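First up is the structure itself, then whatever we jot down about it.
The values are calculated or read from the model by the stated rules, or taken from the named source; none is laboratory data. If you're wondering where the values come from, they're calculated on a predicted model, not measured in any experiment. As a convention, Cβ positions derive from the backbone with ideal geometry for all residues, glycine included, and neighbour counts pool all protein chains shown. The area values use the complete protein model at the heavy-atom level, side chains included, leaving out ligands, DNA and RNA. Shrake-Rupley method; radii C 1.70, N 1.55, O 1.52, S 1.80 Å.
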Amino acid sequence: MQQTLRNVIVILGWAFIFNSYASDIRFVDVTEQAGIHFEHAGGIDHRVVPALVGSGAAWRDYDNDGRLDLYIVNSALVRPAPDAVLPKNALYRNNGDDTFTDVTDAAGVGDTEWGMGCAFADYDNDGDADLYVTNYKANQFYRNNGDGTFKRFSSGAGGIGHNGFGAGIAWGDYDADGYLDLYVGNYTEYSKVPQGDEVFFPYDFFGQANILYLNKGDGGFINITGAAKVNGGFHLTLGVSAADYDADGDLDLYLANDTDQNILYRNDGDLTFTNTNQPDARSRTGDIRSGMGVTWGDYDNDGDLDLFVTNWLDENNVLYRNDGDGTFSDVSAQSGIFASGLGKTCWGTAFFDADNDGDLDLFFSAGHINPASWEAHGQADVFLQNNGNGTFTDISEAIGLRESDVYGVGRGVAVADYDADGDLDLFIVNSGAKPTLLRNDGGNRKHWLQIRTVGTVSNQDGVGAVVKVSAGDLHQVQQVVAGDSYLSQSSLDVEFGLAHHEKVDRIVIQWPSGIVQTLTNVQANQRFVVVEGE
């Protein structure tokens, strides 16, 4: 009897927690009312690998009006009829009233190739955001003209329009010269993949080498992959992200590889990298799984960046805790995330503080790879609440993510406060279907702070800057990242939940140039710009 009573109390306790949380925050599907009428073409030619594994999206204020706009990558058609309307990528301008306008044609960015990933970056430090898009076959690079339009610039920028099977993108100033370089992950040698009606799996594929383009600072790039030792080992790279995991002042690279060993490349500071997943330089992050998406974040608020990687349905996703000594520990089981992805094929992902309580929550998308399953119930995306003690709880249903029995075929995930209300919203690309814009309702009931970095000596976007925020006993760190998740890019703004704190005692920004900048006594609940050195 006593045991039964204890069980009832425990159940009621969890119910109270879920209901309390659900009353604070809820994700609401506002895709249609926001005016986003995009549809991914992956379901049309669903036996084609690029259609199955694409695509991503990116948030960025491309026209400098102070509002975050949205770019979405599409798939293509195998043998289109002469009069067919070709699927194309789309650029949606934020109107500032919770709606968007399709400006693709006016901006000149409606690529119709087999699209995969995308990421914006101010590569020429002229104050506006340029755009790189990865494709099966030729990638596309668009230089921002500064008037709401773009110029296709692939061939002119030192051959940056690589012709392969492009996937993940990571912009970063890898040599700290003030200009953003570009790392591109490549997936498979698709011409060697068996063709036919049957869906083939990655172990049938041959990999391609990845590419590192060094920005020369004169508008052009040079391929330095071989010299830098970062070709990825022909390992079928999908997810790519850069972060300074060892806090030595330069950007390192992590590759999520499909059916092969993932790679953490340590930046040695001289334009060369070391594969730390070799026996003589062990980081303990080189699991052999079907890596898809990757995100960095200090989920335990201990001052260093931890790593989360999504995987195939019969493998668990992996949370790697940064041990602070150049190594990581797999804490998937004790953190409570181990079972959350089992039975799902998991893709895009993000660490972000959805409820502004001062610790990073975790989201990932899910979706079948076998098109025969797409007409069934699909696979539900997952939201994991950070409990503040190193563990997570799946509360997806409580916050409105599972109100329907029919789910999407999730791929890319990008996070941003698109409606500028102080909490972070979610955008999910669904393969072969419409995307999903999930507005965060209630996350701004706790205090928050959003910071946009503008470099002067460093690259203008401030990519790679490490921002540390202290409010009372709450200490957090984030890094400005341009490209992560799965084929996607979240907002470059760094967003901190402050819980009950009405002000921040201290902000310390470590810029890629080495400059350290400190701000004190900053009021909460605002978004502001920090210019390097001012």
Hull shadow area, averaged, the chain [alpha-carbon convex hull, nm²]:
24.6
For region 460-534: relative contact order, % (alpha-carbon pairs under 8 angstrom, 6 or more apart):
29
Förster-model FRET efficiency, 22 Å R0, E32 and R402, C-beta, rounded to 0.05:
0.70
Only four residue types carry charge here, +1 at the Cβ of Lys and Arg and -1 at the Cβ of Asp and Glu. Report the dipole size of region 382-534 about the Cα centre in Debye, rounded to the nearest 20.
160
Note on the chain: contact order normalised by length, alpha-carbon pairs under 8 Å, 6 or more apart, percent, works out to 15
Accessible-area ranking of R411, R506, largest first, probe 1.4 Å:
R506, R411
Going by Cα centres, region 270-292 and region 230-262 are how many Å apart?
8
Electrostatic dipole magnitude of the chain [Cβ: Lys, Arg +1; Asp, Glu -1; Cα centre; debye, to 20]
900
What list of ³J(HN,Hα) values in whole Hz, one per residue of region 33-41 in order, does the Karplus curve 6.51 cos²θ - 1.76 cosθ + 1.60 (θ = phi - 60°) give from phi, with Gly and Pro shown as x?
5, 7, x, 9, 10, 5, 9, 6, 8
Estimated FRET transfer efficiency (T99, R79; beta-carbon r; R0 41 Å; 0.05)
0.65
Among L313, T274, N139 the positive-end extreme of the charge dipole of the chain (Cβ point charges)
L313
Of Y418, Q379, G168, which is farthest on the positive side of the dipole of the chain, counting Cα position, with +1 on Lys and Arg Cβ, -1 on Asp and Glu Cβ, and the Cα centre as origin?
Q379
Leaving ligands, DNA and RNA out of it, work out the accessible area of V413 with a 1.4 Å probe and give it in Å² to the nearest 10.
0
So who's got an amide H within less than 5 Å of the one on D252, skipping anything under 5 residues away but keeping other chains? H placed 1.01 Å off N, in plane.
A243, D244, Y245, N267
Taking a probe of 1.4 angstrom, what is the accessible area of E39 in Å², to the nearest 10?
100
What whole-number distance in Å separates the alpha-carbon centres of region 31-58 and region 477-530?
32
Amide H of A119 versus every other amide H placed in the peptide plane: which residues, excluding those fewer than 5 positions away on the same chain, fall under 5 Å?
Y132
Proximal lysine pairs in the chain, meaning Cα under 16 Å and 8 or more positions apart or interchain, come to 5
Carbon and sulfur %, accessible surface of the chain computed with the full protein complex present, 1.4 Å:
49
Treating the beta-carbon of each Lys and Arg as +1 and of each Asp and Glu as -1, no other charges, what is the dipole magnitude of region 209-333 about its Cα centre, to the nearest 20 debye?
500
Projected onto the charge dipole of region 15-144 (+1 at Lys/Arg Cβ, -1 at Asp/Glu Cβ, origin at the Cα centre), which of L70, C118, T101 gives the Cα projection farthest towards the positive end?
C118
Ignoring everything but the protein chains, give the 1.4 Å probe accessible area of H162 in square angstrom, nearest 10.
40
Using label points projected 7 Å from each Cα along Cα→Cβ, tell me how many nm separate R527 and D280, to one decimal.
4.9
Residue-normalised accessible area of region 384-520, given per residue in Å² at a 1.4 Å probe:
32
